[in-house]
Amino acid sequence: MLRRLLDNPVFARLALLLALLAGALAYWQMSRAPEAPGDADTVRIVVRLPGAAADEVERRVAAPLEAALAKLPEVERIASASRAGAARLWVRLRPGGEGRSLDALHRALAA
């Protein structure tokens, strides 16, 4: 078969076209996840403070955000990590809040 493919360029082109069509067909028939994989009850917040040291980011950004978010009844757990120029917070929401928990979280962050 390989010798025939090398000796006949028309056959090689047809084989390539068939492989491309099969790949395109397989791509369009793949199932797609309705939402991104991951934990829907956990929200990650990233705040940047360029030029600030890690302790300054902790004091000026992470600690106030943690305090404000801890007051929300929808919040189950908060974890944060600060480094030079940025802070990351992971907020775990109580299950069953659906969109209301995210709305409350958004309002708290906007305030």
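The values are calculated or read from the model by the stated rules, or taken from the named source; none is laboratory data. Every value quoted in this text rests on a predicted model; they were computed, and no experiment measured them. Virtual Cβ from ideal backbone geometry, glycine too; neighbours counted across all protein chains shown. Just so you know, the surface numbers come from the protein's heavy atoms only, side chains and all, with ligands and any DNA or RNA stripped out. Shrake-Rupley method; radii C 1.70, N 1.55, O 1.52, S 1.80 Å.
Before moving on, here are some points about what is shown:
- Answer residue from segment 57-81, given it is open to solvent by less than 40 Å² (accessible area, probe 1.4 Å) and either in contact (Cβ under 8 Å) with a residue 60 or more places away in the chain or not in a helix (DSSP H, G or I) (or both) and is farthest from L109 (Cα to Cα) among those: A79
- Qualifying positions in segment 71-111 - modelled with pLDDT under 85 and under 20 Å from P50 (Cα atoms): L109
- Of the residues examined, V47 is one that is modelled with pLDDT of 90 or more, touching a strand residue (DSSP E or B) at 6+ places or on another chain (Cβ under 7 Å) and either under 30 Å from R83 (Cα atoms) or open to solvent by less than 60 Å² (accessible area, probe 1.4 Å) (or both).
- Tabulated pairs, segment 5-22, first part of a helix (DSSP H, G or I), second open to solvent by 100 Å² or more (accessible area, probe 1.4 Å) and of a type outside the set (K, R), C-beta under 9 angstrom, 6+ apart or interchain: A12/L6
- Residue match in segment 50-64 (condition: modelled with pLDDT under 90 and among the hydrophobic types (A, V, I, L, M, F, W, C)): no
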